[in-house]
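Worksheet for the structure shown next.
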Ligand SMILES: [Zn+2]
Ligand SMILES: [Zn+2]
């Protein structure tokens, strides 16, 4: 069988067995999830370990990104309110304060006037 013949053969075979791959996938998937469930039943801490692993990973990530955070915070602290910047809420008074919408995003800050800033922190 040459290359072309083989291709043709495969094509025909697939035509005659349209559900083969679907069926195979399904069985395989059951097998994979089944295996994991079995493992967790035998070793109930493995699920916990998996979750703890995630926690550790996050902590590690935090540590590694601490420098980045620091740099960002520094950038934020040295970031000056542009001259003549109006408060983004009332658009009337001059912005004198910088407000963090989200502390996870240290560079995303709002320029607010004193009044609107205190209102922001008081909540609705
Ligand atoms: Zn304002
Ligand atoms: Zn604030």
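Here, each number is a calculation from the coordinates, and none is a lab measurement. Small disclaimer: the values here were computed from a predicted structure and weren't measured. Backbone-built Cβ (ideal geometry, glycine too); neighbour counts: all protein chains shown.
Considering the range 104-115, and only residues there that are under 27 Å from residue 69 (Cβ atoms) and not in a strand (DSSP E or B), the residue that is farthest from ligand 1 (Cβ to nearest atom) turns out to be 104.
Of all residue pairs spaced 6 or more apart or on separate chains, those with beta-carbon atoms under 8 Å, a first member in the range 79-108 that is free of Cβ contacts under 8 Å to residues at least 60 places away in the same chain and a second member that is loosely packed, with under 10 Cβ neighbours inside 10 Å are 94/84; 108/102. Sub-9 Å Cβ pairs linking a first residue in the range 110-123 that is in contact (Cβ under 8 Å) with a residue 60 or more places away in the chain and on the phi > 0 side of the Ramachandran plot to a second residue that is surrounded by 14 or more Cβ atoms within 10 Å (Cβ to Cβ) and in a helix (DSSP H, G or I), at least 6 apart or interchain, number zero. Going by the structure shown, is residue 101 within 16 Å of ligand 1 (Cβ to nearest atom) and loosely packed, with under 13 Cβ neighbours inside 10 Å? Answer is yes for this residue.
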